[in-house]
Amino acid sequence: MILFSDEHYTQENCTDKYRIGVVLKAMDSEYCLSLKSGVEKAADELDVDVLVVNPLTEKDVRQQNILIEDTLNSNVDAIVIVPCDSYNTEEYMELAEEKNIPVFSMDTDIYGKDEIYVGSDNIEIGEIAGRYMDKLLNGKGLVAVLTGTLLQSPHVERLEGFKDYLECNTNINIVYEEEAYCSFFDSSQKTKEILDEYGNIDGIFCTNATMALGVIDRLEFLKPNKSVRIIGVDTQTDTIRKIIDDKISAMVSQDGYDIAYETMQTVVKYLNGEDIEGNLYIENELINKEKAEKYLITNK
């Protein structure tokens, strides 16, 4: 039994099935929708009841925290959270502890808490992107970085991995670093700022797919007089098509469906008494033009 809502949920009668609460971010990208699909498919196959809720926007931390607390007060056996804020989690984590409800973070880690995280090794994602940018630019040049909100662990860690790789292994300089909040519009606007200030920019790293699309949109409009290498993150068909069309140099893979499915399996194993030790990481790899067709076929 699966109940979805953008802002609220309806409580059903109790059954003998496990009841799992899932609190997502906003459903405003192909990647976020793939998380929801993975939860739905796993819930059906594992025969569990699941409550799926999300705030209207990824920036609405307060609304998400209310949804988390409401979910914890709804007789759930476990809760899965994709936090909009990885840091300020004390109130709902304390409530979960009071109610003896196990907490799992999916895609985005909850910092400083003893929960089980299922998702990517985001420092490694940053390193993969840095390594390929190094190859594309022959170890030298100027690059910009656009991140999602730095309240969220994936963007913090992808930035860290990317910067550390470039600083330790290349003569590439990061000359611009700004939050674009995983927004197509914001990343498009920031791209204009980058080109206005650094007309000789060689590459731009975006810590998710939506921002990479925003960058491409503005580059196609402004038509700079040199090629700008773009690397992003997430396995999305729209960005993979841009790789095939030579608009994006590469994406680092991250399949939301797989993350969600693995998370739900992990929750059920835990509730069945199996030992779950440490965080669980999915595999990430570079998707360049040589691999893009394969990923496009896989994700149809």
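A few comments on the model shown:
- Residue in the stretch 21-33 that is over 19 Å from Tyr257 (Cα atoms), in contact with a Leu (Cβ under 9 Å, 6 or more places away or on another chain), crowded, with 18+ Cβ neighbours inside 10 Å and of a type outside the set (Phe, Trp, Tyr) present: no
- When the strands (runs of 3 or more DSSP E) confined to the stretch 32-134 are screened for residues that are in contact (Cβ under 8 Å) with a residue 60 or more places away in the chain, those reaching at least 2 such residues are found at 78-81, 103-106, 116-119.
- Qualifying positions in the stretch 278-300 - of a type outside the set (A, V, I, L, M, F, W, C) and not in a loop (DSSP other than H, G, I, E, B): Tyr281, Lys289, Glu290, Lys291, Glu293, Lys294, Tyr295, Thr298
- Residue in the stretch 159-168 that is among the hydrophobic types (A, V, I, L, M, F, W, C), without any contact (Cβ under 8 Å) to a residue 12 or more places away in the chain and surrounded by fewer than 20 Cβ atoms within 10 Å (Cβ to Cβ) present: yes
- Subset of the stretch 285-300 [at pLDDT 95 or above and surrounded by fewer than 20 Cβ atoms within 10 Å (Cβ to Cβ)]: Glu285, Leu286, Asn288, Lys289, Glu290, Lys291
- Number of the condition not met by Phe4 [criteria: (1) at pLDDT 95 or above; (2) not in a helix (DSSP H, G or I)]: (1)
- Being within 18 Å of Gly126 (Cα to Cα) and crowded, with 18+ Cβ neighbours inside 10 Å holds for only one residue in Ile216, Ile201, Ile194, Ile248, and it is Ile248.
- The combined condition, being assigned to a loop (DSSP other than H, G, I, E, B), assigned by TED's automatic domain parsing to the domain that holds Gly130 and surrounded by fewer than 24 Cβ atoms within 10 Å (Cβ to Cβ), is not fulfilled by Asp275.
The values are calculated or read from the model by the stated rules, or taken from the named source; none is laboratory data. Since the model is a prediction, treat every value here as computed from it, not as a measurement. Backbone-built Cβ (ideal geometry, glycine too); neighbour counts: all protein chains shown.
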